Structures are given as structure tokens and as C-alpha cells.
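The values are calculated or read from the model by the stated rules, or taken from the named source; none is laboratory data. Bear in mind that the values here come from a model prediction, so they are computed numbers and not experimental data. Note that each Cβ is placed from the backbone with ideal geometry, even for glycine, and that neighbours are counted across all protein chains shown. Ligands, DNA and RNA are stripped out before the accessible areas are found, and what is left, the full protein with its side chains, is counted by its heavy atoms. Shrake-Rupley method; radii C 1.70, N 1.55, O 1.52, S 1.80 Å.
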Amino acid sequence: MLTFTSSGIVPVPTTLQIRLGPLADGRVRAGAPVPARALTDAEVADNVHAFTERRRGPRTAPCTALVLSGWSAARLTTLPGLVAQARRWGVTHLTLHAPVGSDGGTVEVDAAVVPVRRVEDVPALACWRGVAHTTAVVPLEPDVVRRLDRVASTLAAACPDRVVFTWPFPPAGRPAPVHEVVTALDAVAAAWQEGGPSWQVKGLPPCLLGAHAGRAGRSRNRWYVDADHQGANALLFFPDVVRFRKVDGCRFCAMDGACDGVAAAWLDQGRTPPLQPLGPGQVPA
């Protein structure tokens with residue numbers, strides 16, 4: 001099932017992200033607008049219902065995955081009820097984007113995503129041991145890349161289920177230069193050769209990752225709801241929040257179908273080396 005956007009036709013997402021409030025608290029920024037206020041509990045429930053039960057039909061696709069972000073400790077008492085209701089409406093996978101140092105308590109979710117920029121952030125992963133899947137997201141910002149060896153060493157000991165190294169999305173602060181990122185990832189790969197966590201890289205295309213081209217990951221599109229964008233006014237994460245771009249030569253790349261390209265703003269600002277199409281012999285196994 002497809003939908004029309006300002007960038008053309010895209011598949012209709014089956015994931016819904018709801019930003020409960022305007023909190024930041026060290027979260028990974030991806031260009032989403034900051035809402036003027038928090039959603040009420042009734043608004044949250046209505047939007048979940050709108051994108052699940054009310055989208056069951058021949059021309060619409062109900063969402064089966066739900067991502068909750070922007071929550072505060074004060075909302076923890078209402079989250080269990082929301083989670084239970086979402087399950088009844090057909091949500092089979094629920095992810096919580098957790099601020100640094102948070103503890104979800106009794107909220108029963110399938111996955112927790114924790115931002116990690118410093119060694120001191122890693123212990124926050126231990127708060128989510130009861131969750132089926134934990135992901136540490138490491139933004140590849142200049143300061144983080146400079147200490148990535150220490151962060152990676154501590155992460156390996158913490159044993160998250162997955163680590164995602166993310167080249168920042170606009171309008172976040174400037175990303176680390178690509179050559180510095182690749183060098184830092186070389187050290188991570190060497191240190192994690194045996195027994196390290198599963199990891200991938202987002203925000204950079206395979207052609208810029210050198211030996212780590214096979215680690216390049218894509219991000220799933222999703223509906224994005226906050227207090228200012230509800231129901232029919234919800235945003236599509238791609239292209240309304242984040243806009244990727246490729247160059248003309250990407251059409252001839254053997255990995256074109258598995259690559260998002262690079263954030264359009266970074267490409268316009270010349271923050272990447274030239275994108276080079278990969279031949280069939282260069283495709284990672």
C-alpha cells in the first residue's frame with residue numbers, strides 16, 4: 001500500500017511514533033519539531049486508536065508497531081494502561097525511547113532505546129534488563145567520536161542487544177567528519193571482533209563506510225504524532241521530518257535498493273565526500 005508525499009510515492013508505514021511531550025533530556029535529535037505542549041492521556045489514546053482500529057480497511061493499513069518518546073517520570077503511572085490498550089488494538093511491538101538515566105519501572109514494552117554519548121551513560125542500560133530487547137544509540141557527534149574507544153569498551157561489557165551508531169540528522173549540531181567516523185569504527189570493529197554486541201551504522205550510505213559498508217542500516221518510515229500534529233495532520237518521518245537524498249550516479253549502485261542516501265542538508269553543505277556507486281563486486285557479503 002502506497003501514499004503520496006512531497007517527495008513522491010512511499011509505502012504506507014505500519015509504525016506509529018507518538019511524542020508524548022516536548023522533553024529533550026539528551027535524546028537523539030532527528031529534526032522533529034518541538035511541540036508547544038504535552039499530549040493529554042485522552043489524546044494519546046485517541047491517536048493510537050486512529051492509527052490502529054480506525055485504519056482497518058481495504059485502503060488503509062493499521063499500525064502494528066508503536067514507539068513512545070518524549071515521556072517524563074510523571075507519565076509512568078499512565079503508561080501501563082496505555083500499553084495494555086494499545087495491545088488490545090493490535091499493537092504487537094512497542095518500543096520506548098528512554099532518556100538518559102530513566103527507569104521504565106513496570107511498563108511492559110518489547111524494546112528500549114537508550115542514547116549513549118559518554119561512558120557515564122552506559123549504566124542506564126541496566127535499568128532495562130527486564131525488557132526483551134535493548135538498543136544503545138550512539139550519535140556520531142565530534143565529541144562522541146573522539147572518545148568512542150572508551151564508550152565502545154564500556155558498551156561491550158554492558159551487553160546491549162544492539163548498538164546503533166548514528167551520524168546525526170539535521171538540524172542537530174554538525175556531525176563528525178566522515179573520515180574520522182570510519183577511523184573510529186575501525187577501532188570498534190577490531191575491539192569487538194570476538195564477543196562484541198551486534199552493531200550497525202545509520203545516516204551514512206555504504207559507499208562512505210569503507211570496510212563497514214555491510215554495517216549500513218536503513219531506518220523504517222513511520223507516522224509521527226505530537227501535540228501539534230495529530231490524526232490526519234500527523235507527519236511522515238520520511239520526508240516530513242528527515243529528508244534523504246542521493247546523487248544521479250546512485251542509480252547505478254549495486255546497493256541502491258538497500259540505501260537511504262544521506263541527509264539532504266549535509267549533502268548541500270558539502271559535509272560528505274562524493275557519493276560513489278558500488279559495483280557488484282563491492283557489495284558486502
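One line per residue, one yes/no per condition, for (1) farther than 30 Å from D268 by Cα; (2) free of Cβ contacts under 8 Å to residues at least 40 places away in the same chain; (3) touching an Asp or Glu at 6+ places or on another chain (Cβ under 8 Å):
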position: D121; (1), (2), (3): yes, no, no
position: A126; (1), (2), (3): yes, yes, no
position: H133; (1), (2), (3): yes, yes, yes
position: V138; (1), (2), (3): no, yes, no
position: S153; (1), (2), (3): yes, yes, no
position: P168; (1), (2), (3): no, no, yes
position: E180; (1), (2), (3): no, yes, no
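Restricting E43, E53 to residues that are open to solvent by 50 Å² or more (accessible area, probe 1.4 Å) and at pLDDT 95 or above narrows the list to E53. Collect the residues in the range 145-163 that are in a strand (DSSP E or B) and surrounded by fewer than 21 Cβ atoms within 10 Å (Cβ to Cβ), keeping them in residue-number order. Within the range 145-163, R162 is the sole residue that qualifies. Being touching a Phe, Trp or Tyr at 6+ places or on another chain (Cβ under 7 Å), part of a loop (DSSP other than H, G, I, E, B) and under 28 Å from P160 (Cβ atoms), is that true of even one residue in the range 241-250? Yes, because at least one residue in the range 241-250 is touching a Phe, Trp or Tyr at 6+ places or on another chain (Cβ under 7 Å), part of a loop (DSSP other than H, G, I, E, B) and under 28 Å from P160 (Cβ atoms).
Filter the range 123-137 down to residues that are among the small types (G, A, S) and either part of a helix (DSSP H, G or I) or open to solvent by less than 60 Å² (accessible area, probe 1.4 Å) (or both), then give me how many there are. Counting residues in the range 123-137 that are among the small types (G, A, S) and either part of a helix (DSSP H, G or I) or open to solvent by less than 60 Å² (accessible area, probe 1.4 Å) (or both) gives 3.
Here is a yes/no grid of residues against (1) of a type in the set (F, W, Y); (2) without any contact (Cβ under 8 Å) to a residue 12 or more places away in the chain; (3) closer than 30 Å to D149 by Cα; (4) open to solvent by 60 Å² or more (accessible area, probe 1.4 Å):
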residue: G203; (1), (2), (3), (4): no, no, yes, no
residue: G214; (1), (2), (3), (4): no, no, yes, no
residue: S219; (1), (2), (3), (4): no, no, yes, no
residue: N233; (1), (2), (3), (4): no, yes, no, yes
residue: F252; (1), (2), (3), (4): yes, no, no, yes
residue: G279; (1), (2), (3), (4): no, no, no, no
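Annotation note: of P142, P168, the sole residue that is within 14 Å of R117 (Cβ to Cβ) and buried (at least 17 other Cβ atoms within 10 Å of the Cβ) is P168.
Look at the range 48-95 and say how many of its residues are in contact with a Cys (Cβ under 7 Å, 6 or more places away or on another chain) and under 22 Å from P22 (Cα atoms). The total comes to 1.
Residues of the range 186-232 that are at positive phi and assigned to a helix (DSSP H, G or I): G210, G231.
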